[in-house]
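K.L.:
Dumping the structure here so I can ask a few things about it.
The values are calculated or read from the model by the stated rules, or taken from the named source; none is laboratory data. These numbers were taken from a predicted model, which means no experiment stands behind them. Positions of Cβ are generated from backbone atoms using ideal geometry, with glycine treated the same way; all protein chains shown enter the neighbour counts. All accessible areas refer to the heavy atoms of the entire protein, side chains included, with ligands and DNA or RNA removed. Shrake-Rupley method; radii C 1.70, N 1.55, O 1.52, S 1.80 Å.
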Amino acid sequence: MLHLVALLLHCVPLAMGQYDICKSWVTTDDGPSWEFYACQPKAMRMKDYVTVRVDPAGITCGDPPERFCTHENPYLCSDECDASNPDLAHPPKLMFDSEDEGLATYWQSVTWRRYPEPLLANITLSWNKSIELTDDIVITFEYGRPTIMMLEKSLDNGRTWHPYQYYADDCMEAFSMPARRVRDLSTTSANRVLCTEEYSRWAGSKKEKTVRFEVRDRFAIFAGPDLKNMDNLYTRLESAKGLKDFFTVTDLRMRLLRPALGGTYVQRENLYKYFYAVSNIEVTGRCKCNLHANLCTFKEGSLQCECEHNTTGQDCGKCKKNFRSRSWRAGSYLPLPNGSPNACAAAGSAFGNCECYGHSNRCSYIDFLNVVTCVSCKHNTRGQHCQHCRLGFYRNSSAELDDENVCIECNCNQIGSMHDRCNETGYCECREGATGPKCDDCLPNYYWRQGCFPNVCDDELLLCQNGGTCYQNQRCICPVGFKGVLCQQSRCEVDKKDCDGAPGVGSSLGTVALGVLVLQLHAWGDL
Ligand SMILES: *[C@@H]1O[C@H](CO)[C@@H](O)[C@H](O)[C@H]1NC(C)=O
Ligand SMILES: *[C@@H]1O[C@H](CO)[C@@H](O)[C@H](O)[C@H]1NC(C)=O
Ligand SMILES: *[C@@H]1O[C@H](CO)[C@@H](O)[C@H](O)[C@H]1NC(C)=O
Ligand SMILES: *[C@@H]1O[C@H](CO)[C@@H](O)[C@H](O)[C@H]1NC(C)=O
Ligand SMILES: *[C@@H]1O[C@H](CO)[C@@H](O)[C@H](O)[C@H]1NC(C)=O
Ligand SMILES: [Ca+2]
């Protein structure tokens, strides 16, 4: 019985297509066991999981209500958009609904009544999950396609954006780019960002309604027409740098830059026939799970891979706890037809119980100690399991033990601290007078000058006397006739002749005194 089940399971991958299952129970000479394969989820209609944002504010029509015309009949302006009336409203969600046969529901912008100011709108789609496109993106416009638009993509949840494709009725004029067609790309240019004129020319608003981002045509460069030779595509995706990433997105943005004109010129006397209306945005793709999952589910508002191979994370991008005896790797489409699972391995499968938290992928047996230890711990870690921080580093409390950022440099001030080690919260050990986590400050009553020194003078306890002034807590600048650390000593008391002729020659003496003072300042400045 067991035999039969195993046999059936084993046949499944071939029956259902490539990379559909992650593991199967097989019988070998050593008895039954699991066999693992590279696997990926099925392609889905991604519009069901998207969140959309339309910019700028106020671009959606109907607030206040507005009449609009069509290119076909520009003088019969009987259509109305009214956001407060559900039958006449055109909110963004109508780009993603499922439509009854023949009845288009669509998002619509305000009309171009501000002409010649451009009519600009951004439609941003976000999944909060990396997805791999498997078919064309198809955007359906009612009342004519834009004459200029651009598609952008993000791979990092909208932090950075990159052009994906340019669309214009005249690429040279709109973007200073020559017009090209995806069909003309070659194996080396399959991931080129180009400008196409195929979807922007006027052909009557009912006839040609779609704008495409051609994924299939790009796949066909490798897999042939009808995508019969998928093996070749998978081989290429694995080996050509950047090709997989080209088809991967977390967000898409349509930048609508000029609406359909229905002719060559904008008719100023009837601006109510210029606007954008989008009835559908079809995005077909699969969750990116790094070939470690064949299921992707919608949980708590986001898509999540159901990771196998002892991986974890939204994209199965790391190894599960206790399965980190070697570094994480994505599964591979190669070798054909089942690929390599590159599964994470349990700590202790090879030698004893040697986990290195992903900071080393080598263990070594030390004979005379009879222990297995990690070798060459990276990321500033050390220890048998790379579980400690190297001297001069401390543990990052917000990072797990297997995080690359687990150890933070102490960064102690070289002069202010005793040594370059710190305690578990990053505090260095300070020399006398120094303070602060890094010992780069001085305690009160100390001043900083290549280290901390006790104040010689200040404004509170150590006052300069007899009219002396305190210079940067380092010394008193004494008036002529006084000396001592705090100018507390009159020169007359020390040497009678210093007092001769002292009174009565104020101004000239003053000048001399100032001269001395300036000289002194110079001297200290050079120190
Ligand atoms: C659309 O997004 C781009 C960035 O991708 C931004 O520069 C531009 O200002 C946005 N336009 C509008 C109308 O919000
Ligand atoms: C994005 O997905 C992550 C992981 O599933 C989740 O923790 C986070 O809350 C999501 N963010 C938003 C804005 O939905
Ligand atoms: C993952 O770990 C479990 C034990 O928790 C083990 O049974 C299974 O075979 C492992 N899978 C892989 C692909 O290594
Ligand atoms: C601590 O770890 C977190 C998580 O990896 C990281 O974001 C942060 O930058 C680290 N802190 C420092 C100071 O390196
Ligand atoms: C580290 O040193 C600082 C300053 O001396 C102290 O406040 C802190 O409690 C110490 N942390 C630990 C974990 O010892
Ligand atoms: Ca619709």
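K.L.:
What residue, of 424, 460, is surrounded by fewer than 17 Cβ atoms within 10 Å (Cβ to Cβ), within 16 Å of residue 393 (Cα to Cα) and not aromatic (Phe, Trp, Tyr)?
P.N.:
None of the others qualify; the one that does is 424.
K.L.:
Within the range 147-170, can you find the residues that are under 31 Å from the mean Cα position of the chain (by Cα) and without any contact (Cβ under 8 Å) to a residue 60 or more places away in the chain?
P.N.:
Listed by number, the residues that qualify are 159, 160, 162, 163, 165, 166, 167, 168.
K.L.:
Could you check residue 324 against (1) at negative phi; (2) loosely packed, with under 14 Cβ neighbours inside 10 Å and say which number it fails?
P.N.:
In the conditions (1) at negative phi; (2) loosely packed, with under 14 Cβ neighbours inside 10 Å, residue 324 misses (2) alone.
K.L.:
Of all residues being of a type in the set (S, T, N, Q) and surrounded by 15 or more Cβ atoms within 10 Å (Cβ to Cβ) in the range 42-86, which is farthest from residue 262 (Cα to Cα)? Just the residue, please.
P.N.:
Going through the range 42-86, the residues of a type in the set (S, T, N, Q) turn out to be 51, 60, 70, 73, 78, 84-85.
Filter once more, keeping what is surrounded by 15 or more Cβ atoms within 10 Å (Cβ to Cβ): 60, 70.
Values: 60: 21, 70: 9 Å.
Applying the filter and picking the extreme gives 60.
K.L.:
Could you tell me which of the residues 124, 111, 105 is away from ligand 3 (no atom under 16 Å from the Cβ) and part of a strand (DSSP E or B)?
P.N.:
Sole residue among the options that is away from ligand 3 (no atom under 16 Å from the Cβ) and part of a strand (DSSP E or B): 124.
K.L.:
Just to check your reading of the model, which residue among 303, 336 is touching a residue at least 12 places away in the same chain (Cβ under 8 Å), more than 22 Å from residue 237 (Cα to Cα) and aliphatic (A, V, I, L, M)?
P.N.:
On inspection, the qualifying residue turns out to be 303.
K.L.:
Look through the range 385-405, keep the residues that are more than 14 Å from ligand 5 (Cβ to nearest atom) and either within 30 Å of residue 433 (Cβ to Cβ) or at pLDDT 95 or above (or both), and return whichever of them is surrounded by the fewest Cβ atoms within 10 Å (Cβ to Cβ).
P.N.:
It comes out as 391.
K.L.:
I've got another one for you. Does the range 248-263 contain any residue that is in contact (Cβ under 8 Å) with a residue 40 or more places away in the chain, over 30 Å from residue 118 (Cα atoms) and in contact with a strand residue (DSSP E or B) (Cβ under 8 Å, 6 or more places away or on another chain)?
P.N.:
Scanning the range 248-263 turns up at least one residue that is in contact (Cβ under 8 Å) with a residue 40 or more places away in the chain, over 30 Å from residue 118 (Cα atoms) and in contact with a strand residue (DSSP E or B) (Cβ under 8 Å, 6 or more places away or on another chain).
K.L.:
Need a quick list: strands (runs of 3 or more DSSP E) entirely within the range 44-93 having at least 2 residues that are within 26 Å of residue 203 (Cβ to Cβ).
P.N.:
66-68, 79-81
K.L.:
If a residue must be acidic (Asp, Glu) and either within 16 Å of ligand 1 (Cβ to nearest atom) or more than 32 Å from the chain's Cα centre (by Cα) (or both), how many such residues does the range 264-308 contain?
P.N.:
The number of residues fulfilling the criteria is 1.
K.L.:
Taking the stated definitions as given, is residue 144 under 31 Å from the mean Cα position of the chain (by Cα), assigned to a loop (DSSP other than H, G, I, E, B) and away from ligand 6 (no atom under 16 Å from the Cβ)? Even if it seems obvious, please write down each step before you answer.
P.N.:
Values: under 31 Å from the mean Cα position of the chain (by Cα): no; assigned to a loop (DSSP other than H, G, I, E, B): yes; away from ligand 6 (no atom under 16 Å from the Cβ): yes.
So residue 144 fails the test.
K.L.:
Going through 400, 404, 355, 409 one at a time, which residue ends up being within 16 Å of ligand 2 (Cβ to nearest atom) and out of contact with any helix residue (DSSP H, G or I) (no Cβ under 8 Å at 6 or more places or on another chain)?
P.N.:
After applying the criteria, what remains is 400.
K.L.:
Could you pull out the residue among 427, 394, 471 that is away from ligand 4 (no atom under 16 Å from the Cβ) and of a type in the set (Phe, Trp, Tyr)?
P.N.:
When all the criteria are applied, what remains is 471.
K.L.:
Going by the conditions given, is residue 413 more than 16 Å from ligand 3 (Cβ to nearest atom) and either within 30 Å of residue 355 (Cα to Cα) or modelled with pLDDT under 90 (or both)?
P.N.:
Spelling it out, it is not the case that residue 413 is more than 16 Å from ligand 3 (Cβ to nearest atom) and either within 30 Å of residue 355 (Cα to Cα) or modelled with pLDDT under 90 (or both).
K.L.:
Being of a type in the set (Phe, Trp, Tyr) and modelled with pLDDT under 95 is the filter here; which residues of the range 181-221 pass it?
P.N.:
202 - this is the single residue of the range 181-221 that is of a type in the set (Phe, Trp, Tyr) and modelled with pLDDT under 95.
K.L.:
Given the conditions (1) in contact with a Leu (Cβ under 7 Å, 6 or more places away or on another chain); (2) in the same structural domain as residue 136 (by the TED database); (3) open to solvent by less than 40 Å² (accessible area, probe 1.4 Å), and given that residue 39 satisfies all but one, which numbered condition is not satisfied?
P.N.:
Here residue 39 clears every test but (2).
K.L.:
For the structure I just gave you, tell me whether residue 251 is among the acidic types (Asp, Glu) and surrounded by 14 or more Cβ atoms within 10 Å (Cβ to Cβ).
P.N.:
Answer is yes for this residue.
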